[in-house]
Amino acid sequence: MAKKTGLSRIITILVLLAAAAGILYAVVSFNKQEVVEMKKGVAAPDFTLETLDGKSVTLSDLKGKVVLLNVWATWCAPCREEMPAIQQAYDAYKDAGLEVLGVNLRENNITVKGFANEFKLTFPILLDKEAKVGVDLYKVVPIPTSFFIDKDGVLREIASFPMSYEYIENTVKPLLQAQ
Amino acid sequence: MNKKGKRNLFEWIWDWFASVKVGVSLIVIIAIAAAIGSIYPQVNAIPHPNPDFYYKDKYGNLGALYHKLGFSEMYISWWFLVLVLLLGISLVIVSIDRGVPLYKSLKNQPVARKVIGIRSDRLYAHKSEAQTSELDQLGTILQKRRYKIRREDGALLAEKGRFPRFGAYVIHLGLIIVILGVFARLVPGWYYDSMVWLKEDESKTIPEVGFTVKNAGFTLEYYENTDRVKKFETDVQVFEGDKQTAQKHLIVNDPLDYNNTLIFQNSFDPQPMYKSGKAVMIDKKTQSEVGTFEIDFNNPEETYAVGPYTLKLDNYFPDLKVDAEQGIYTNSRDAYNPGLLFSITGPGLEQASQQWMMPGAPFVEEMLGKEYPFTLRLKELEAFNMTGLLVHRDLGIPIVYTGCAVTMWGFVLVFYFQHRRIWARLEDGELHIGANTNKNWLGFVKEFNKVIEPLGLGPVELKGKLLKKSEPQPTE
């Protein structure tokens, strides 16, 4: 009788402690909001978007080129800050095989066009009207965020801060030189 | 069952949790922690995104220390939760440790007690030259008083209110249910609490609750000639997929209850947004109207034809700001303060005349526009305010309420009901009647005397002191 009681007590204690540990674990993971972000080294998700000029651009068509995918908006001050550097890098490395895609998040064409004229942007500006590419596909949280995609379409670097010309240059150069 | 000194780990754990001292200590520590946690608002309730700054700024050094020590996130801190869980385990183990033996002993209690035991009961009566018929009579009387009667040869046990003896364990059960109810929000989909901001006709899907909320119209009224808000109301619609499944005219404090989720009218954006407007173009020289055109502020046209003139929209800033460092820019993508830069071509203009239209900033426009050949003014405007709805779901709440009700029931059992037992034994022609209760002796004495009266007995008095030690003793 005593032996049996002892066993049922052990089981009770174990069940209760396991339940408590399970609850505690659930609380900890509940409070830790899951952050989904893109990882380096994976194939950059493919997409097709319309440009400001009414053309359509598909990422996979650009294989063989190094692609700088910049997600931005006109109302974002750091985006305005880095825009001249991006344009400068595009001018410098366009002929060496760099393609820049500026993905604008959810803005109207006039505003985007006015901005492109103001900053004299010559690279293609893609209109992501419903943020399907920027937010849904590339999981961008802060803007600007830039993705560096190598010639094989693999994501090599992610920059979620306003980039300097030097940073872009240093990141793009080795990708352009890679065979 | 517990041999002192030779306990293994599990026995030690069991005894620790079963200890009343431990249980009370846990309750006291939790109560103190909970009280400390309510001195300043918790992090999730402060109106500032940066708690490090907020506590120092609002409550000074004490506030900063409070935040640094982690009291500002008390109720989700691991140690607070550990305390609550320990209390939960303690409640279960205490209930098993004490409740089960009590249940067993009451279930197995003998009907026939030894006469010497009955004699020493605090309430005792006896009758000599008694018959079995008198034992039967006693049984009948007690049965009428809703006692449960058990009989054996020459012995009787009458019992009333056994369950209230377990009142304390009912309280334990209630508290355990409350704890489970609080933790129930961890079940995916059981808890959601968030603001949803909706523009006019905008809808947002909330995957956590599985439906889409749409703002089908928002009204905002002020008291006349003041900026005090009179009322703000939203026509809200709920969609599952493409199908509308519910709708309600939401006013403050009257939520839509849909699928165990409450949708409250919570707030609104006091700054209106431009939606559309009819603009008029006036020739400054002649002060005559050239014509009108419609502007959609969310998606303006590239060109507008007004009379003989063509207005090309060179640039559009939905939320225009001017800054010495940054120049002219838009602060958001919402049309709070639109700025439109037109190039006007047409008769009498040798080259395109560029001019700003800023319906929300007439001073700036006037300053810039001294040389403008035209005046561009909004004649009619449709604006709207963004509505702020609170979507709240907590399926644990009914469980918490159930737990509270069970706890209350337990308290009622503990305070207002008694376990009364009466034993009778016929031995050698003498009838011995003894009685016991766990509280309210005064009431029980009255009942006992009523019960034995038909047998020609009593009234008897209670042996020993009626007053408890803690109560003031009468001076003699």
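The values are calculated or read from the model by the stated rules, or taken from the named source; none is laboratory data. All values reported here derive from a predicted model rather than from experimental measurement. Virtual Cβ from ideal backbone geometry, glycine too; neighbours counted across all protein chains shown. Just the protein is used for accessible areas: all its heavy atoms, side chains included, with ligands, DNA and RNA removed. Shrake-Rupley method; radii C 1.70, N 1.55, O 1.52, S 1.80 Å.
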Contact surface A-B: accessible area buried, both sides summed, square angstrom, 1.4 angstrom probe: 2900 Å²
Carbon + sulfur, % of accessible area of the protein assembly as shown - ligands and nucleic acids excluded, 1.4 Å: 56 percent
Estimated dipole of the protein assembly as shown in Debye, rounded to 20 [Cβ of Lys and Arg +1, of Asp and Glu -1, Cα centre]: 5720 debye
Of A:Lys65/A:Lys120; A:Lys120/B:Lys284; B:Lys58/B:Lys321; B:Lys107/B:Lys127; B:Lys148/B:Lys463; A:Lys40/B:Lys58, pairs whose Cα-Cα distance is over 32 Å: A:Lys120/B:Lys284; A:Lys40/B:Lys58
Rounded to 10°, Cα long-axis angle of helix A:109-118 versus longest principal axis of chain A: 60 degrees
Average beta carbon contacts from partner chains per residue of A:72-80, 10 Å cutoff: 4
Highest-first arrangement of B:420-428, B:353-361, B:441-449, where packing means the average Cβ count within 10 Å: B:420-428, B:353-361, B:441-449
Residue-averaged beta-carbon neighbours from other chains (10 angstrom radius) around B:323-333: 4
Between region B:258-294 and region B:117-165, the alpha-carbon center distance in angstrom: 87 Å
Net charge, B:Ile251 excluded, C-beta distance under 12 Å - Lys, Arg +1, Asp, Glu -1: -1
Charge-dipole axis of region A:48-177 as Lys and Arg at +1 and Asp and Glu at -1 on Cβ define it, positive-most pick from A:Asn104, A:Pro144, A:Pro162: A:Asn104
Degrees between helix A:77-93 axis and first principal axis of chain A (Cα, 0 to 90, nearest 10): 60 degrees
Tilt relative to chain B, helix B:20-37 - C-alpha long axis, 0 to 90 degrees, to 10: 20 degrees
Rounded accessible area per residue of chain B, 1.4 Å, Å²: 57 Å²
Value at 222 nm in deg cm²/dmol, rounded to 500, when DSSP H runs of n ≥ 4 in the protein assembly as shown each add -39,500 (n - 2.57): -10500 deg cm²/dmol
Most positive-pole-ward Cα, A:Gly153, B:Ile36, A:Thr74, against dipole of the protein assembly as shown from beta carbon charges: B:Ile36
Inter-chain Cβ neighbour average for residues B:404-417, partner chain, 10 Å: 0
Net charge of neighbours whose Cβ lies under 13 Å from the Cβ of A:Lys132, counting Lys and Arg as +1 and Asp and Glu as -1: -2
Charge-dipole axis of chain B as Lys and Arg at +1 and Asp and Glu at -1 on Cβ define it, positive-most pick from B:Gly369, B:Val238, B:Tyr274: B:Val238
Reduction of at least 10 Å² in accessible surface, 1.4 Å probe, comparing all protein chains with the chain by itself, residues of region B:60-79: B:Ile76, B:Trp78
